Amino acid sequence: MSQWQAFVAAHAEGGVLDGVVARVLPFGAFVEVAPGVQGLLVTDRAPGQGSRVTVRIDSIDGERRRFSLVQA
C-alpha cells in the first residue's frame, strides 16, 4: 500500500491533523501531514516554512491524489 493509500484509508474529510509547512506559495502553503504526504493549505497569511500547524481536511480528491486543508 502506498503512503497516499494508507493516508486516505486512515483519514476522512473533516479530520484534524498536525503538520509542518513544507513550502510557502503566494496563495498558501503545502503542509506535510504524514511522511511523503502533503496537502494544500489555501490562506492569505501562510505560516513560515518549517512551522508546525493544525489543519482540517477540507476535501480529498482520490483520482488526482490531492487534498485541500483549512486552518483548524
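Taken together, the values in this text are just the output of simple stated rules run on the coordinates, not laboratory data. None of the values given here were measured: they were computed from a predicted structure. For neighbour counting, all protein chains shown are included, and Cβ atoms are generated from backbone atoms with ideal geometry for every residue, glycine included.
Could you tell me how many of the residues in region 23-50 are under 13 Å from the mean Cα position of the chain (by Cα) and loosely packed, with under 14 Cβ neighbours inside 10 Å? Residues that pass the stated criteria total 3.
Reported count of residues in region 5-45, each being under 14 Å from Ile57 (Cα atoms), outside any strand (DSSP E or B) and among the hydrophobic types (A, V, I, L, M, F, W, C), is 5. Pairs are defined by a Cβ separation below 6 Å, a sequence spacing of at least 6 or placement on different chains, a first member in region 1-24 that is among the basic types (Lys, Arg), and a second member that is part of a strand (DSSP E or B) and surrounded by 15 or more Cβ atoms within 10 Å (Cβ to Cβ); the pairs so defined are Arg23/Phe30.
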